[in-house]
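A.B. asks: Have a look at this one before I ask anything.
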Amino acid sequence: MASNKPLLIEYELEFLETKLQELKEYIEDTPFSTLTDRLVTLGNKTLCTASKESQRKDLTQAIKDYAEILRTVDSMREKEAAKIEVRGKAEIGTMADDFLKRRK
């Protein structure tokens, strides 16, 4: 019976990479300098739905999450690259080693 583990790891890597890209786009689209209080007017009342401070806290957390996901993706890539075996247990040359390190 064949193992599906390599396919699952590839799927997980692709999933994390797409989420990483989405988070990166969110961070780039929301610079700290453009944050303003979000106000909503209901009748004759004006309510603050999100203050600058709470938006800044959320953006800071998003940056921390981005860094954590990036570390995880890099770690998973390194583990996958280390699993590649050469036929006959021979050593590979430097060009082949560089190729294996750079591929996705």
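A.B. asks: Any chance segment 3-20 includes a residue that's among the β-branched types (Val, Ile, Thr), at pLDDT 95 or above and in a helix (DSSP H, G or I)?
C.D. replies: Looking through segment 3-20, none of the residues is among the β-branched types (Val, Ile, Thr), at pLDDT 95 or above and in a helix (DSSP H, G or I).
A.B. asks: List the pairs whose first member sits in segment 50-75 and is over 14 Å from Lys19 (Cβ atoms), whose second member is modelled with pLDDT under 95 and aromatic (Phe, Trp, Tyr), and whose Cβ atoms are under 8 Å apart, counting only residues at least 6 apart or on separate chains?
C.D. replies: From segment 50-75, the pairs are Arg56/Phe32; Leu59/Phe32.
A.B. asks: Restricting to segment 28-78, name every residue that is among the basic types (Lys, Arg), surrounded by 13 or more Cβ atoms within 10 Å (Cβ to Cβ) and in a helix (DSSP H, G or I).
C.D. replies: Residues satisfying the conditions are Lys52, Arg56, Arg77.
The values are calculated or read from the model by the stated rules, or taken from the named source; none is laboratory data. This one's a predicted model, so the numbers in the text were calculated from it and none came from an experiment. Ideal geometry is used to build each Cβ from the backbone, glycine not excepted, and the neighbour counts take in all protein chains shown.
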